[in-house]
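Before any comments, here is the structure.
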Amino acid sequence: MKRGVSRRAALRSALGALALGAYPARARAADYATAKDALEAIEGFEAGVERFYLRLDRTTPASRLMIASFRRDRHRHRAHRDRIRRRLGVPRPEAAAASESASGALPDLREALSSLVYAHAEALPALGDPVAVSLLLADLVDLARHLTVVDLWIEAEADRG
Amino acid sequence: MAEPRRDFVTRLACAAGWSAPLLGLLGGTARALPKSEENDLAILEASLALEHEAIAIYETALQRNLFLAGLRTYAVEFVGDHKGHRDTQIGLVRQRGARPVSPRDDYDLGRMRTGDAALRRCLEVEIAAQRAYQVLNSQIRTRDYLLTAAFILVDEVRHETVWKRVLGVKIY
């Protein structure tokens, strides 16, 4: 049940501080100045997650259905980001081919997914456009669900010993 | 869950006292609100009302011992999250010089007497909260509240996904 995520813990502390009106900017993992920076960060974290999927797809047949579903969501997320780029006039970067992760450990995948989820949250204030925010929020919801699915998988593995 | 999702989400939002413009957003009949301090406050109050309801549901179910042992841990975790969301948003309302909305006296929990009824009621309020934060967040004007609401949304999705899994609803 315990979710060992240092990044999330830091963000939670920041959330608590916000209630007291003392939200320190340095407590944030990222404070993107522009939509371009935010979208590029998301794409970097997304590539990090894909590296785990490549490995799991090859080494863990039981994960293939889940990964196929997550990749369908990712396809939609990329389309959303393309729309956001068009709306905001942000150029699309060159896509680099992802290489397989050296680790197939679920906690490492969890950390990579967590970074991607929170990059979406942190990107929202940099967008400055309600439609772009709506699109990225929809992706955030999908990714938070993916993160929970992986949490449940980790818990099931732990229960099995 | 026999009632269509949009209907029960709207019903919960109505019961929570949401204003007509916010209900319009939730129901898809309105597309945007003017970005203003007043609307940020209305969004805060609407979100806070749902947090109060979620806390009441979880606390009642926990007091009645309706969760199986393995699920009780989740319920304790999730009610803790909701209390954190409540306190954060109460702080934000007070920062704006307003008085936060209080919990209602009655959340119609009399019939929640079985584990299955409790799980379904928890899932219902989590879906409503997830939908509410997703729809309302794009209307938030204040940078820090937008970020806070996004973090809260991540928690709501976690809660919803866990209860869906427990109830055998597809999660991927």
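Observations on the model:
- Using the Karplus relation 6.51 cos²θ - 1.76 cosθ + 1.60 with θ = phi - 60°, the per-residue 3J(HN,Hα) values for segment B:105-117 come to 6, 9, 10, 6, 9, x, 8, 7, 10, 10, x, 5, 4 Hz, with x marking Gly and Pro.
- Spin-label model, B:THR114/A:ARG71: points 7 Å from Cα along the beta carbon direction are separated by 4.2 nm.
- Averaged over the residues of B:136-142, the number of partner chain Cβ atoms lying within 10 Å of the residue Cβ comes to 4.
- Between B:ASP106 and B:THR60, the simple label model (points 7 Å from Cα in the Cβ direction) yields a spacing of 1.1 nm.
- Modelled label positions at A:ALA79 and A:TRP153, each set 7 Å beyond Cα in the direction of Cβ, lie 2.4 nm from each other.
- Net charge contributed by nearby residues that have their C-beta within less than 13 Å of A:GLU157 (K/R +1, D/E -1): -1
- B:TRP18 long-range amide H proximity, modeled H, under 5 Å: none
- Residues in segment B:55-64 carry Karplus couplings, in order, of 4, 4, 5, 5, 5, 5, 5, 5, 4, 7 Hz; the curve used is 6.51 cos²θ - 1.76 cosθ + 1.60 with θ = phi - 60°, and Gly or Pro positions show x.
- Centre-to-centre separation between the Cα atoms of segment A:123-149 and those of segment B:105-172: 16 Å.
The numbers here are math on the coordinates, done by the rules we state, and not lab data. Treat the numbers as computed from the prediction; the structure is a model and nothing was measured. Using ideal geometry, Cβ is built from the backbone for each residue, glycine included, and neighbour counts are taken over all protein chains shown.
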